[in-house]
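*Asks:* There's a structure below that I have some questions on.
The values are calculated or read from the model by the stated rules, or taken from the named source; none is laboratory data. Computed from a prediction, not measured in an experiment: that's the story for all the values here. Cβ coordinates were reconstructed from backbone atoms using ideal geometry, including for glycine residues, and neighbour counts include every protein chain displayed.
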2 protein chains.
Amino acid sequence: MSAAGLGARGEAAASSGAPRAPGRLVLVPNALDLGTAPQDLTAVLPHAVLQWAARLHHWLVEDAKSARAFLKRVHAIVPLHAPLQSLSITELPRSAKGRDARVVPNAEFAHLLAPTQGGHDVGLLSEAGLPAVADPGAAVVAAAHALGLAVLPLPGPSSLVLALAASGLEGQSFAFVGYLPQEATARVQRIRELEELSRRLRQTQIFIETPYRNAALFKALLEGAAPATRVSVSVALTLPEGWCKTATVSEWRRLTSKTVLPDRLPAVFLLQA
Amino acid sequence: MSAAGLGARGEAAASSGAPRAPGRLVLVPNALDLGTAPQDLTAVLPHAVLQWAARLHHWLVEDAKSARAFLKRVHAIVPLHAPLQSLSITELPRSAKGRDARVVPNAEFAHLLAPTQGGHDVGLLSEAGLPAVADPGAAVVAAAHALGLAVLPLPGPSSLVLALAASGLEGQSFAFVGYLPQEATARVQRIRELEELSRRLRQTQIFIETPYRNAALFKALLEGAAPATRVSVSVALTLPEGWCKTATVSEWRRLTSKTVLPDRLPAVFLLQA
C-alpha cells in the first residue's frame, strides 16, 4: 500500500547502516470531534494517514492528553509500532498556544525538532483537523523550514474548507479571518467591515467562535449584516449531528425561531455580501 | 463502520415503502493527482468516502471522463453498487466552468438536482480535491440550498490548506485569491497589492497558476516581491514527487539556480509580507 505514496521512510531507514538523512516534520491531521463523542477515524482520515500515525515515535502536540486519546484510537485500527507509553509526546510551549503567538522561526522550537537530527521523523498534531491551520502549530513548521527540514503535510479534514465547500458561496476567492470581537459594538463594526471586504474583493469571509458563543455571534450577524448578505452556518461537519445551511440574512431572520445553534458543537460561519 | 457517521442513508431508504425524503447533495472529494500518475486513493481519501462514492447512482461532475476514471479507481477498492455504465454522470454546464461564473442560485442547476426529488442522493465531484473550492461547483451547491436540500460535504484533501499547513506562514488569517494576472506589469502590481494586504491584515495570501506557467510566476515573485517577504511553494502535495519550501525572497534569490519548478505538476504559492 501506499504510505509510500505519501513519502514513507520512517524508522526503518533510520535503523539501517546508511548515513542518516535528517527526519522530517510530518503534519498529522486529527478528527473533527473535539469536545463531542469520538467519531470513527476511518470516516475522516485516509488509511495511509493512520499508518503514518502508528509509525511515528516523536510527537509535538497541542495537547498531550488529547494526543494520547488520538493515538489510542489509531491503535484500535492500525496497531502502534511501539507502546504508547514509550512514545515521546511533547506539548507545544504555552507561549505558542495563544491566539496571537508570533509566527516566526524561533530558537525555542529548534530544540523541539532535535529528534530529526537523529534521523527521526517528528509528528505535529493539533486537537482537531489539520495542524498549523487556525491553530498555533505554524510556529513549529516555520522553525522546521528555518532548519532546512522537509515538511510533509498528510491529507485530512479541515472544517474551514469543508464549510466553504458546503456553503455554495464564492469558492474561488475566500478569506479566513479567525475570531470576531466579543464586545457588541466592535463585533457589529467588524461584521460590516467583512461585508465591505466581501463586496469589494468578491471574497467569502470565514470566521469561527468558541462553541458557547455560537448563538450570540449568530444573533449579532442577523442583526448587524445587510438583508441581502448571504450567511452560511456549518455545525459539526463530518459528525452524525452535522448540518449546513446557507440563506440571506432576511431569509434567516424569518427562520430564526426554528434555528437553534448548539452551544457545545463547533461551528463555522461564512458570509458573502 | 461508520459511513453512518457521515450521514449514510443512500439508496436503501429510498427503495423502502416509506415516503421519500428528498435526496441530498453529497460533495465527494477527489485525489490531487490530476495530470500525473494516479495515486493510491487510500492515501488521500477516508474509507468511508470511498464507500460513499461506491454507493451513489447520480453524479454531477466537472469532467465526465475523469469522473469515470475516478469511479473505476474507487471500484478497485470498494466495488460499485451498480455497474459504471448504469450510473447517471452529468457534466456541469459549460457556462458554470469558466473562472468567472457567477455564484448565484440558478434555475439552470435546479433540473440537474432533480433526482433528489425522487429521494436519490446526488454526488458532486470535481477534477481534484474538494468540489466547490477553487472550482466552479459552488453554483450547484448554491442551487441545492435554494431548493432547501441538505448538503453533505465529505472530508478529503484540499491542496490549498495542505499548502498553508506546510508553509509555516500565518495560519490563523489567510486568503485564497485565485490566479494572478498573466501580463507582466499587472502581475507585479498584483504581487505588491498582495504584499500590502498581507502586511495590513497580517494575512497569508494563497494563489495558484496553471502548471506550465509555474516557473514564470515564481520568477515574477522573486523579482517583484520585497526581499523580506516570505514565499512558500508547495508542489504536488500528497504525491511521491511532492515537496514544499518556505524562505524569504532574498533567500530564494540565492537558491534560485537550484530551484526548478516543474511545468506539469500542480503548485500552490503563498506569501506573507
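*Asks:* Could you list, in sequence order, the residues of region B:203-213 that are assigned to a loop (DSSP other than H, G, I, E, B) and surrounded by 15 or more Cβ atoms within 10 Å (Cβ to Cβ)?
*Replies:* B:GLN203, B:GLU209, listed by residue number.
*Asks:* Please indicate, with yes or no, whether at least one residue in region B:110-118 is in contact with a Leu (Cβ under 9 Å, 6 or more places away or on another chain), of a type in the set (Val, Ile, Thr) and more than 7 Å from chain A (Cβ to nearest Cβ).
*Replies:* Yes, there is a match, as at least one residue in region B:110-118 is in contact with a Leu (Cβ under 9 Å, 6 or more places away or on another chain), of a type in the set (Val, Ile, Thr) and more than 7 Å from chain A (Cβ to nearest Cβ).
*Asks:* Those residues that are out of contact with any Lys or Arg (no Cβ under 9 Å at 6 or more places or on another chain), more than 7 Å from chain B (Cβ to nearest Cβ) and hydrophobic (A, V, I, L, M, F, W, C), I need them from region A:128-139; list them, please.
*Replies:* A:ALA128 - this is the single residue of region A:128-139 that is out of contact with any Lys or Arg (no Cβ under 9 Å at 6 or more places or on another chain), more than 7 Å from chain B (Cβ to nearest Cβ) and hydrophobic (A, V, I, L, M, F, W, C).
*Asks:* Can you name every residue in region B:180-199 that is aliphatic (A, V, I, L, M) and closer than 14 Å to B:GLN272 by Cα?
*Replies:* If we filter region B:180-199 for residues that are aliphatic (A, V, I, L, M), which is where we start, we get B:180, B:184, B:186, B:188, B:191, B:194, B:197.
Result: B:ILE191, B:LEU194, B:LEU197.
*Asks:* Which of the residues belonging to region B:214-263 are hydroxyl-bearing (Ser, Thr, Tyr), within 17 Å of A:ARG24 (Cβ to Cβ) and not in a loop (DSSP other than H, G, I, E, B)?
*Replies:* Matches in region B:214-263: B:SER232, B:SER234, B:THR246.
*Asks:* Output the number of the condition that B:ILE206 fails; it satisfies all remaining conditions of (1) within 30 Å of B:ALA110 (Cβ to Cβ); (2) modelled with pLDDT of 95 or more.
*Replies:* Unmet condition: (1).
*Asks:* Scan region B:176-198 and give yes if some residue there is assigned by TED's automatic domain parsing to the domain that holds B:LEU80 and touching an Asp or Glu at 6+ places or on another chain (Cβ under 7 Å), otherwise no.
*Replies:* No, region B:176-198 contains no residue that is assigned by TED's automatic domain parsing to the domain that holds B:LEU80 and touching an Asp or Glu at 6+ places or on another chain (Cβ under 7 Å).
*Asks:* A further question follows. Do the conditions hold for B:ALA247, that is, is it closer than 25 Å to A:ALA175 by Cα, surrounded by 23 or more Cβ atoms within 10 Å (Cβ to Cβ), in contact with a helix residue (DSSP H, G or I) (Cβ under 8 Å, 6 or more places away or on another chain) and small (Gly, Ala, Ser)?
*Replies:* no
*Asks:* Among the numbered criteria (1) surrounded by 16 or more Cβ atoms within 10 Å (Cβ to Cβ); (2) away from chain B (no Cβ under 12 Å); (3) assigned to a helix (DSSP H, G or I), which single criterion is violated by A:ARG192?
*Replies:* (1)
Residues are listed down the side, and each one gets a yes or a no for (1) over 22 Å from the mean Cα position of the chain (by Cα); (2) of a type in the set (S, T, N, Q); (3) under 17 Å from B:GLN182 (Cβ atoms):
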residue: B:PHE207; (1), (2), (3): no, no, yes
residue: B:THR210; (1), (2), (3): no, yes, yes
residue: B:ASN214; (1), (2), (3): no, yes, yes
residue: B:LYS219; (1), (2), (3): yes, no, yes
residue: B:PRO227; (1), (2), (3): yes, no, no
residue: B:LEU239; (1), (2), (3): no, no, no
residue: B:GLY242; (1), (2), (3): no, no, no
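*Asks:* B:ALA142 versus (1) within 11 Å of the chain's Cα centre (by Cα); (2) at the interface with another protein chain (Cβ under 7 Å from one of its Cβ atoms): which is the lone unmet condition?
*Replies:* All conditions are met except number (1).
*Asks:* Search region A:76-95 for residues that are in a strand (DSSP E or B) and pair each with any residue that is modelled with pLDDT under 95 and not charged (D, E, K, R) when their beta-carbon atoms are under 8 Å apart and the residues are at least 6 apart or on different chains.
*Replies:* From region A:76-95, the pairs are A:THR90/A:LEU112.
One line per residue, one yes/no per condition, for (1) among the charged types (D, E, K, R); (2) over 22 Å from A:PHE207 (Cα atoms):
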| site | (1), (2) |
| --- | --- |
| B:GLU170 | yes, no |
| B:SER173 | no, no |
| B:PHE176 | no, no |
| B:ALA186 | no, yes |
| B:ARG192 | yes, yes |
| B:ARG199 | yes, no |
| B:VAL233 | no, yes |
| B:TRP252 | no, yes |
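*Asks:* Which residue pairs have Cβ atoms under 8 Å apart, sit 6 or more places apart or on different chains, and have a first residue in region A:152-170 that is at the interface with chain B (Cβ under 7 Å from one of its Cβ atoms) and a second that is acidic (Asp, Glu)?
*Replies:* Close Cβ pairs (under 8 Å, with a partner that is acidic (Asp, Glu)) do not exist here.
*Asks:* Which one is nearest to the chain's Cα centre (by Cα), of the residues in region B:168-188 that are surrounded by 14 or more Cβ atoms within 10 Å (Cβ to Cβ) and in a helix (DSSP H, G or I)?
*Replies:* Per the stated criteria, the residue is B:ARG187.
*Asks:* Please indicate, with yes or no, whether at least one residue in region A:63-75 is out of contact with any Asp or Glu (no Cβ under 7 Å at 6 or more places or on another chain) and within 18 Å of B:VAL44 (Cα to Cα).
*Replies:* yes
*Asks:* Quickly run through region B:230-241 and pick out the residues that are surrounded by fewer than 24 Cβ atoms within 10 Å (Cβ to Cβ), modelled with pLDDT of 95 or more and either touching a His at 6+ places or on another chain (Cβ under 7 Å) or facing chain A (nearest Cβ under 8 Å) (or both).
*Replies:* B:LEU239
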